[in-house]
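Participant: Right, I'll just put the structure down here and ask away after.
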Amino acid sequence: MPDHDLWPGVARHLRAQVTPQEFETWFAPLSMRLEEQQAIFTVPNRFFAQWIGDRYSALLGEALTLAAGMPLDASFEVARARPAPPVANQHNSPAQPQGLNLNPAYVFDSFVVGPCNELAHAASQAVADNPGRQYNPLTIFGGSGLGKTHLVSAVGNNLAVREASNRVHYTSSEAYSNELIQAVRYDGIQSFRDKYRLVDCLIIEDIQFLSGRERTQEEFFHTFESLFQAGKQIVLTSDKLPRDIPGLAGRLRTRFEWGLLADLQTPDTETKIAILQRKAADKNLALSRQVAAYLAKQPESSVRVLEGYLNRLMAVSSLRGQEADLELARQVVGPLASERQVSVEDVFKAVAAHYGLKVSDLKSARKSRDISRPRQVAMYLARRLTNLSFPEIGKALGGKDHSTVVKGVQRVKGLMAQDPELTDTVRAVENAVRAGKNRD
Ligand code: ADP
Ligand code: MG
């Protein structure tokens with residue numbers, strides 16, 4: 001049986017059942033493959049296997065059954081130790097950064113370029129070609145599952161592979177913060193600083209988690225300064241613009257803004273099709289254009305979720321020995337996708353929350369500008385994110401006229417073309433709506 005990836009589905013079910021911390025500790029480090037109706041989990045060591053076996057085997061079995069649509073047995077195998085990373089002699093410092101912890105599949109070659117990610121891709125490529133020069137720091141921002149991790153990993157992989165002496169360190173702002181706390185607690189602050197000072201390319205994911213963490217921000221400011229002064233490359237990801245990160249120190253915000261901010265947008269259907277075909281080809285799976293187009297047209301923003309559909313379709317196809325045709329795609333993916341449909345009320349709630357209004361204000365007849373603009377945004381997003389017609393949206397908004405909705409949508413479109421702030425607002429609300437449906 002080929003190597004189909006049920007893991008995203010299994011992980012989703014697990015996440016729903018355990019605390020985030022348990023998930024990160026015990027499940028995030030696993031990888032999984034299928035062999036003869038058996039799910040084989042690769043675990044870092046024997047202790048892990050035992051722990052999961054003792055505490056989570058029922059849960060794991062249930063998650064497997066749900067994800068595969070049939071009962072599967074689970075077994076564990078211990079990962080072989082990774083070879084130590086090459087260490088260049090001139091850098092023989094006691095605080096050598098850990099081995100390259102990047103996903104080796106995330107390279108430029110496997111990244112599909114489309115209008116949604118052109119700038120971010122070009123900037124990442126430029127940084128990999130010329131680290132520490134033109135774009136420092138490079139910050140990739142965008143919603144969940146749009147390719148941030150893939151792109152920044154591609155930068156790191158590219159640098160590390162090209163030049164063995166390049167020390168690339170990949171972490172998240174949360175891990176950085178935890179590491180700092182440990183260092184402070186165990187009197188290891190100097191080696192913490194040395195370690196970060198000696199990196200050639202520092203990749204830090206999810207800087208939005210720096211929000212409100214003053215001690216971490218202070219330390220990160222020093223890390224940033226010493227790397228920046230030394231011409232070392234800094235690459236960051238975030239789910240929002242630095243200026244929209246609450247509780248981010250001004251000196252960090254301005255530094256992030258010195259560099260290049262490149263965003264990732266939701267791919268258009270053509271790009272989605274190309275990505276799906278690319279993923280299928282990478283796994284040696286046959287995926288017809290017709291089926292790829294069907295998947296790409298699901299009301300789905302994130303590439304990660306789309307990839308989950310593909311994996312699930314392929315897994316079911318292989319388990320049942322049935323061709324992954326349109327019929328099977330409809331059966332397998334249809335119910336998943338409808339669970340994720342955005343409702344017009346989801347849109348209203350997110351708009352109201354963003355503007356500090358009540359949904360009833362949006363539905364009211366009041367015409368003051370502080371309500372009518374959010375109401376127009378609600379119309380625009382309802383049109384964009386649901387399948388409702390103009391009259392249906394009007395009705396949901398407390399009985400507004402069809403033409404009022406048409407005008408509202410046009411107005412927002414027109415304004416967005418001139419007003420970047422409104423564009424950001426609309427995108428932020430859109431991401432919030434989608435995030436409510438995209439929890440994995
Ligand atoms: P993020 O970090 O923004 O949440 P990821 O980088 O983890 O997103 O991407 C989610 C999945 O989608 C990954 O498997 C990634 O390879 C894939 N992906 C996203 N964009 C692209 C693309 N343009 N080409 C190929 N794969 C992509
Ligand atoms: Mg990511």
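Participant: For segment 303-314, what does the Karplus curve 6.51 cos²θ - 1.76 cosθ + 1.60, with θ = phi - 60°, yield as ³J(HN,Hα) per residue in whole Hz, taken in order and with x for Gly and Pro?
Facilitator: So the J values, rounded to whole Hz, are 5, 4, 5, 4, 5, x, 4, 4, 4, 5, 4, 5.
Participant: If Phe256, Phe390, Phe108 are ordered by their accessible area, calculated over protein heavy atoms with a 1.4 Å probe, which sequence runs from highest to lowest? Could the numbers behind the result be given before it?
Facilitator: Values: Phe256 0, Phe390 50, Phe108 25 Å².
I get Phe390, Phe108, Phe256, largest accessible area first.
Participant: Here is a follow-up. State the antiparallel share, in %, of DSSP beta bridges confined to segment 3-78, rounding to the nearest 5.
Facilitator: 45 percent
Participant: At 0.36 nm per residue, minus the direct Cα-Cα distance, what do Asn103 and Val78 gain on full extension? Give it in nm, one decimal, please.
Facilitator: 7.1 nm
Participant: Under a GNM of the chain (C-alpha, springs under 10 Å), which listed residue has the highest mean-square fluctuation: Tyr309, Tyr355, Tyr196?
Facilitator: Most flexible of the set in this elastic network: Tyr355.
Participant: I need to check one value: relative contact order of segment 269-339, counting alpha carbon pairs closer than 8 Å and at least 6 residues apart, in percent.
Facilitator: Normalised by residue count, the contact order of segment 269-339 is 32 percent.
Participant: So if R0 is 56 Å, what FRET efficiency would Arg289 and Tyr186 give, r being the distance between their Cβ atoms, rounded to the nearest 0.05?
Facilitator: Efficiency computed from Cβ-Cβ geometry: 0.50.
Participant: Something else now. Counting Lys and Arg as +1 and Asp and Glu as -1, each charge on the Cβ, what is the dipole of segment 269-339 about the Cα centre in debye, to the nearest 20?
Facilitator: Around 120 debye, computed over segment 269-339.
Participant: Counting only protein chains, not ligands or nucleic acids, how are Lys240, Lys367, Lys279 ordered by accessible area (probe 1.4 Å), most first?
Facilitator: Putting Lys240, Lys367, Lys279 in descending order of accessible area: Lys367, Lys240, Lys279.
Participant: Sticking with this one: What value does segment 244-353 have for Rg/Rh, both radii from Cα atoms and Rh as Kirkwood defines it?
Facilitator: On the way: Rg = 18.7 Å, Rh = 16.4 Å.
Over the Cα atoms of segment 244-353, Rg/Rh equals 1.14.
Participant: Hey, another quick one. Tell me the relative contact order for the chain as a rounded percent, counting alpha carbon contacts under 8 Å between residues six or more apart.
Facilitator: 14 percent
Participant: Spin-label point model (7 Å from Cα, Cβ direction): what's the Ala230 to Asp370 distance in nm?
Facilitator: Label at Ala230, label at Asp370, 5.1 nm between them.
Participant: Give me the accessible area of His13, 1.4 Å probe, in Å² rounded to the nearest 10.
Facilitator: That residue has around 50 Å² of solvent-accessible surface.
Participant: As an exercise, use a Förster radius of 45 Å and the Cβ-Cβ distance of Glu36 and Asn387 to find the FRET efficiency, rounded to the nearest 0.05.
Facilitator: Between Glu36 and Asn387 the formula returns 0.60.
Participant: When DSSP beta bridges are limited to those with both residues in the chain, what percentage is antiparallel, rounded to the nearest 5?
Facilitator: Counting only bridges with both partners in the chain, antiparallel ones make up about 15 percent.
Participant: What is the Å³ per residue value for the convex hull set by the Cα atoms of segment 154-255?
Facilitator: Normalising the Cα hull of segment 154-255 by residue number yields 94 Å³.
Participant: Could you give the C-alpha radius of gyration of segment 344-435 expressed as a fraction of 2.2 N^0.38 Å, taking N as the number of residues it contains? Intermediate results must be reported in sequence, preceding the final value.
Facilitator: Numbers: Rg = 11.6 Å, N = 92, 2.2 N^0.38 = 12.3 Å.
Working it through for segment 344-435, the quotient is 0.95.
Participant: Compute the FRET efficiency between Ala164 and Val18 as 1/(1 + (r/R0)^6), taking r as their Cβ-Cβ distance and R0 = 30 Å, and round to the nearest 0.05.
Facilitator: Values: r = 39 Å, r/R0 = 1.31.
Working from the Cβ atoms, E equals 0.15.
Participant: Note down, for segment 300-389, the three equivalent ellipsoid semi-axes (square root of 5 times each alpha carbon gyration tensor eigenvalue), biggest first, whole angstrom.
Facilitator: 39, 11, 9
Participant: Taking the alpha-carbon centroid of each part, what is the distance from segment 378-425 to segment 18-40 in angstrom?
Facilitator: With segment 378-425 and segment 18-40 each reduced to a Cα centre, they are spaced 42 Å.
Participant: Non-local amide H neighbours of Met32 (under 5 Å, H modeled in plane, Pro and chain starts lacking H): which ones?
Facilitator: For Met32, whose amide H was placed from the backbone, the distant partners under 5 Å are Thr42.
Participant: Let me ask another. For the pair Glu270 and Asp424, how long in nm is the line joining their label points, each one 7 Å along Cα→Cβ?
Facilitator: My value for the distance between the label points is 3.0 nm.
Participant: Using Cα springs under 10 Å in a Gaussian network model of the chain, which residue among Gly143, Gly308, Gly334 shows the largest mean-square fluctuation?
Facilitator: Most flexible of the set in this elastic network: Gly334.
Participant: Just need the relative contact order of segment 94-264 here, percent rounded to a whole number, with Cα pairs under 8 Å and 6+ apart.
Facilitator: 35 percent
Participant: Can you give the extra length, in nm with one decimal, that the chain gains between Glu218 and Asp244 once fully stretched, where that is 0.36 nm per residue apart less the Cα-Cα distance?
Facilitator: Computed gain between Glu218 and Asp244 is 7.5 nm.
Participant: How many angstrom separate the Cα center of segment 149-166 from the Cα center of segment 217-248?
Facilitator: 19 Å
Participant: How are the alpha carbon pair distances in the chain distributed across 10 Å bins from zero to the largest one, expressed in percent?
Facilitator: That works out to 4, 18, 26, 27, 18, 6, 1, 0, in percent per bin.
The values are calculated or read from the model by the stated rules, or taken from the named source; none is laboratory data. It should be emphasised that the depicted structure is a prediction, and the values quoted were computed from it without experimental measurement. So basically every Cβ, Gly included, is an ideal-geometry build from the backbone, and we count neighbours across all protein chains shown. Each accessible area value is taken on the protein alone, full model and side chains, heavy atoms only, with ligands, DNA and RNA left out. Shrake-Rupley method; radii C 1.70, N 1.55, O 1.52, S 1.80 Å.
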